[in-house]
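S.K.: Got a structure here, written out as structure tokens. Questions coming.
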Amino acid sequence: MTSFALVLATTMPATAQESVAPQGSALEAQRANGLPLTSFYDPDGADLSVPGTLVRTEAGMGYDLPHGIVATRIAYASRDANGIPVMTTGVVLQPPGEAPEGGWPLIAWGHGTAGVARPCAPSLMKDLYYGWDGIFIYPLMGYAVVATDYSGLGTPGPHQLLSLEAQGQDVINSVPAARAAVPTLSDDWVMVGHSQGGATAIQVSAMEHGIDDPTYLGAISIAPATDYHAMWKLFPDGMASGGMALVAAGIRAADPSFDPETMVGPQIAEVLPELEQEACFGAAMELVASLPGARQPSNWPDAPGVRRFTDANRPYLQPGRGPLLVLLGENDPAIPLDITKRAIGERCKLQDEVSLETYPGMDHAQVIHASFPRQLEWIADRFAGRPAERNCPG
């Protein structure tokens, strides 16, 4: 079985994967798809005391959007994994035409791994990172979307990659900020996330169990990373990975006492500053692949700092609120089917409205398209107030 870490490149959209070719081409493609990092992304003494508060907004310019979709950038107050106030940015997409009575039904979108540097924010990409591989479909079907960048992407870092408390905060706090920026949004909302965002969807459902927000209607988790430790133990001994180099940077961002060398070794640790400053996913993969003889230490998933991190990010062991739909490709080399089934089975013991649906032959990116009819049916049911199904792993 191939592990999550070995093929972490599949956590990026299919179009982005196609750009990973000769050395240097991914960084060139990244720069060609990028938009200028402006003062909009700097906190500048903003009041971040109340999570969800809109800090500023501006028209979203420079995006390659389908005709009629209107983009609005937002900056808002959120919290990191340690509860520290941060500013987070994102984009609100409105469908073409006039909003229906009650406003556009709202989807909060959580993207997959983009990187850890400021230029890796989807709102700083002309295609918003996913483009037609995900995010554009929803507004064309009549749903507004608020797509968070996650704190540390766009805004000053560091980005706490895969620290799900931070990403969950960013998604939940994006909703009131989006409503403040765009008055034509509905009160009710659902979350949809893929890969890193899929794991965040499970986290959001757990957080909503305590928040008990009546406007939250449920979450769709597509190809989520669940049991990090079990997944990373499948990684071939010594194999170097740009994806895991990004994760090491993310762990250190949440836990400054963490020594990334215990996870990626000294040679890869030397290039982490480049990943933290500019190189996003594809460029990180190329950079680490170009290091001759780079190897990760043996048994790195059991290093104390790594274990602290994996133990702290297991929201599937917590009860959730609202329906949760998990969608997984059976041919996904990044997300092992058996590990995901066990994790969702644990959530099923704590929550009634949970459903896991798998797609034969689909991989990490393909499952997004393959599941669109099911996603749209499920989302429509949530806004219509219809009951959700339960379909737990056997």
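S.K.: Assign one of three labels to segment 77-148, namely rounded, prolate or oblate, based on the Cα gyration tensor with a ≥ b ≥ c the square roots of its eigenvalues; rounded applies when a/c is under 1.5, prolate when it is not and a/b is larger than b/c, and oblate otherwise. Don't skip to the end; give the middle numbers.
M.R.: Values: a/c = 2.74, a/b = 1.51, b/c = 1.81.
Since a/c reaches 1.5 but b/c is at least a/b, the shape of segment 77-148 is classed as oblate.
S.K.: Select one label from [x] 22.1, 77; [y] 23.1, 81; [z] 19.3, 61: the one whose number is Rg and Dmax of the Cα atoms in Å as derived from the coordinates shown.
M.R.: [z]
S.K.: Compute the distance in nm between two label points, each set 7 Å from the Cα along the Cα-to-Cβ direction, one at Met239 and one at His67.
M.R.: Inter-label distance under the simple model: 4.6 nm.
S.K.: Compute the separation of the alpha-carbon centres of segment 258-286 and segment 85-128 and state it in Å as a whole number.
M.R.: 27 Å
S.K.: Another one. Once the Cα gyration tensor of segment 198-252 is diagonalised, what are the square roots of 5 times its eigenvalues, in whole Å and ordered largest first, as equivalent ellipsoid semi-axes? Provide the component values of the computation, followed by the final result.
M.R.: Numbers: eigenvalues 188, 27, 17 Å².
Value: 31, 12, 9 Å, ordered largest first.
S.K.: Continuing with the same structure: What does DSSP give for the chain in terms of the percent of beta bridges that are antiparallel, rounded to the nearest 5? Kindly include the intermediate steps, with their values, before the conclusion.
M.R.: On the way: 20 of 46 bridges.
Taking every DSSP beta bridge within the chain, about 45 percent pair in antiparallel fashion.
S.K.: Please give me the summed charge of the neighbours of Asp213: other residues whose Cβ is under 11 Å from its Cβ, Lys and Arg +1, Asp and Glu -1. Before the final figure, lay out the partial values.
M.R.: On the way: positive: Arg321; negative: Asp187, Asp188, Glu208, Asp212.
With Lys, Arg at +1 and Asp, Glu at -1, the neighbours total -3.
S.K.: Test of the criteria: in segment 35-127, which GluC sites (Glu not before Pro) are in a DSSP loop and have at most 12 other Cβ atoms within 10 angstrom of their Cβ?
M.R.: Values: sites: Glu58, Glu98, Glu101; in loops: Glu98, Glu101.
Answer in residue order: Glu98, Glu101.
S.K.: Now for a different question. When Lys and Arg each count +1 and Asp and Glu each count -1, what net charge do the other residues less than 14 Å away from Pro100, Cβ to Cβ, add up to? Spell out each step's value before the answer.
M.R.: Values: positive: none; negative: Glu98, Glu101, Asp187, Asp188.
In short, -4.
S.K.: While we're looking at this one, here's another question. Can you put His67, His364, His369 in order of Cβ neighbours within 10 angstrom, beginning with the fewest? Working shown, then result.
M.R.: On the way: His67 6, His364 29, His369 15.
Ordered from fewest to most neighbouring Cβ atoms within 10 Å, His67, His364, His369 come out as His67, His369, His364.
S.K.: Do the sum for the chain: with -39,500 (n - 2.57) for every DSSP H run of n ≥ 4, divided by all residues, what is the mean residue ellipticity at 222 nm, to the nearest 500 deg cm²/dmol? Walk me through the numbers on the way to the answer.
M.R.: Numbers: 14 runs with 132 residues, N = 394.
Using -39500 (n - 2.57) per qualifying helix, the result is -9500 deg cm²/dmol.
S.K.: When only DSSP loop residues count, what trypsin sites (Lys or Arg not before Pro) in segment 306-394 have their Cβ near at most 14 other Cβ atoms within 10 Å?
M.R.: Details: sites: Arg307, Arg308, Arg321, Lys341, Arg342, Arg347, Lys349, Arg374, Arg382, Arg390; in loops: Arg321, Lys349, Arg390.
When the trypsin sites (Lys or Arg not before Pro) of segment 306-394 are filtered for loop state and at most 14 Cβ neighbours within 10 Å, Lys349, Arg390 remain.
S.K.: Among Ala240, Pro66, Ala26, whose Cα projects farthest towards the positive end of the dipole of the chain, with charges put on the beta-carbon of Lys, Arg (+1) and Asp, Glu (-1)?
M.R.: Ala240
S.K.: Please identify every one of the GluC sites (Glu not before Pro) in segment 298-380 that sits in a loop by DSSP and has no more than 15 other beta carbons within 10 Å of its own beta carbon.
M.R.: Details: sites: Glu330, Glu346, Glu353, Glu357, Glu377; in loops: Glu330, Glu353.
For GluC sites (Glu not before Pro) across segment 298-380 that sit outside H, G, I, E and B with at most 15 neighbouring Cβ atoms in 10 Å, the list reads Glu330.
S.K.: Counting Lys and Arg as +1 and Asp and Glu as -1, what is the net charge of the other residues whose Cβ lies under 10 Å from the Cβ of Leu272?
M.R.: Details: positive: Arg252; negative: Glu261, Glu270, Glu274, Glu276.
With Lys, Arg at +1 and Asp, Glu at -1, the net is -3.
S.K.: State whether segment 133-228 is rounded, prolate or oblate according to the following rule on the C-alpha gyration tensor (a ≥ b ≥ c being the square roots of its eigenvalues): a/c under 1.5 gives rounded; otherwise a/b larger than b/c gives prolate, and the remaining case gives oblate.
M.R.: Rounded, because the longest to shortest axis ratio a/c is under 1.5.
Coordinate-derived values only; no laboratory data. It should be emphasised that the depicted structure is a prediction, and the values quoted were computed from it without experimental measurement. Every residue, glycine as well, gets a Cβ built from its backbone with ideal geometry; the counts of neighbours run over all protein chains shown.
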